[in-house]
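The values are calculated or read from the model by the stated rules, or taken from the named source; none is laboratory data. Predicted model only: the values in this text are computed from it and were never measured. Cβ placement follows ideal geometry from the backbone for every residue including glycine, while neighbour counts extend to all protein chains displayed.
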Amino acid sequence: MPQFYRAAHWILLDIGVGAWVTAGLVSYGLWSLREEGKAANLPAALFFLFAALGMLTKGAIAVVYLGVITVPHWFFFRRKKLPPLWTGLFFLVPVGIWVYFFYREGGIYFLHEHFINNIFGRLLHRSFRLAGAPVTISDVGHNSPLFFYFKRLPNMFGAAIALFPFAIAWAWRSLGWKFFHFPFHGKVQYVWDLLTRPRPEGVMRKELLVYLMLWSFVPFFVLSIPAIKEVTYLLPSYAGIALLLSCYLADRFVLREAPEELPWGEGFVFPLSGFALAVQVLPKFSLWFFFAFCGLICLGLVYIFVRNLACRNFRGAVLPVLAGLIAGVMLGNTPELMERSRLDRKCYCLFAETVWKEVGSRPLYLKAMEESIRGALPFFGCRDIRVLVSEESLQKLLAGKGEHAILLYRREYMRRLRDPKFAAQVRRYRIIFPDFPEKADSFVLLISEKRPAVSAALHSVR
């Protein structure tokens with residue numbers, strides 16, 4: 001799933017809350033799908049602990065995400081017996097301490113802002129500002145369209161979306177529900193059964209299938225309602241979708257047993273582990289030594305591939321190919337390798353270093369930058385940045401006389417130069433086009449104080 005891989009390379013709170021919510025959903029599954037008793041107490045305690053950690057990471061949205069999945073599942077199967085009270089302390093104690101300090105810091109205004117305005121305000125697309133509040137969210141009016149996630153399905157889930165209809169139909173038929181049951185005729189019915197009819201020996205538990213479907217798709221529709229939407233908000237559902245699709249594929253296509261002489265580890269896990277180790281350790285050594293090591297792993301994959309084909313074990317032949325593809329993505333996005341092997345490209349860490357060297361101690365302002373830039377500059381520079389959220393804020397900054405720096409897209413800068421007022425304002429700035437071939441000619445840096453020396457890594461334009 002492309003968006004899941006892409007998100008794994010971002011420095012965002014959504015990554016942390018996504019991990020805790022996913023762990024909480026797994027714990028809930030282990031708890032609710034087991035027989036009631038002491039064996040379910042530990043997963044229940046872990047569920048509350050992960051819910052607390054998710055809330056401490058990014059607030060109540062973690063609890064909302066868990067609630068829209070677990071509460072319907074709980075009532076659907078009419079659960080009666082609750083877990084022991086002590087398990088709930090794993091949530092109440094850390095969250096209670098957090099609420100206490102949160103209230104002590106900002107009083108009722110902070111509580112209202114987080115629990116009322118930030119939740120219900122986004123949901124209802126309006127700001128519920130409390131009179132006299134020193135803070136209020138300013139983005140509830142930036143209403144993303146209802147079809148936001150639908151438009152992004154291809155880059156969110158990639159080829160996996162082609163399996164969604166068949167996996168859902170298979171799960172529906174496994175549950176024995178007649179709704180949406182369409183009879184076909186002839187070969188069409190044969191193909192439909194081949195793709196969606198559950199195997200008698202492979203029938204899965206009803207509770208598990210319902211839970212995976214809730215986990216996979218309920219957040220998709222619930223989070224389409226609020227004003228603010230990001231693809232990273234749905235990260236926990238990627239795990240539910242992966243589990244549902246893996247259950248479907250296992251039921252439909254996976255062989256009963258793998259040949260003992262060609263285990264899964266040999267064809268998939270071991271090669272990936274080798275590449276992962278190489279990515280972390282070997283870039284510190286010679287680049288040629290790194291590629292030689294990876295070449296040996298590739299030769300091993302070719303040997304496994306040919307050996308499996310000779311044994312007519314087609315599943316075993318696919319695994320090393322898949323391992324090689326995943327490893328290629330891992331290698332191609334390793335910063336050390338990008339710096340040393342891509343002669344005409346650079347990484348964001350080098351871009352941040354170049355920018356901060358010119359900015360110096362001045363505050364840096366960004367205007368409508370993409371998330372990768374907004375995250376890379378403060379992270380790699382260990383510095384704060386300030387985002388200009390409106391046209392008025394940019395005009396006010398340009399009219400001011402303090403020392404600062406502004407990073408704009410080059411196309412926006414060239415467009416603004418047609419405005420005589422803007423052209424007059426930027427005369428007091430030193431205009432720099434950073435040398436960053438990864439996004440050639442994309443950025444312009446405005447430095448408020450003119451200095452005689454210009455770094456060799458930059459091209460200065462008067």
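General remarks:
- Restricting region 382-400 to residues that are in contact (Cβ under 8 Å) with a residue 12 or more places away in the chain and within 32 Å of the chain's Cα centre (by Cα), the residue that is surrounded by the fewest Cβ atoms within 10 Å (Cβ to Cβ) is Asp384.
- Hey, Arg362 more than 30 Å from Gly381 (Cα to Cα), basic (Lys, Arg) and at pLDDT 75 or above or not: no
- Restricting region 401-431 to residues that are among the small types (Gly, Ala, Ser) and touching a Ser or Thr at 6+ places or on another chain (Cβ under 9 Å), the residue that is surrounded by the fewest Cβ atoms within 10 Å (Cβ to Cβ): Gly402
- Taking the conditions (1) modelled with pLDDT of 85 or more; (2) part of a helix (DSSP H, G or I) in turn, Ile225 satisfies each one other than (2).
- Residue within region 86-98 that is within 18 Å of the chain's Cα centre (by Cα) and of a type in the set (A, V, I, L, M) present: no
- Residues of region 348-379 satisfying the condition of being farther than 27 Å from Gln395 by Cβ and loosely packed, with under 14 Cβ neighbours inside 10 Å: Lys357
- Hits in region 211-253 (condition: buried (at least 18 other Cβ atoms within 10 Å of the Cβ) and among the aromatic types (Phe, Trp, Tyr)): Tyr211, Trp215, Tyr233, Tyr238, Tyr248
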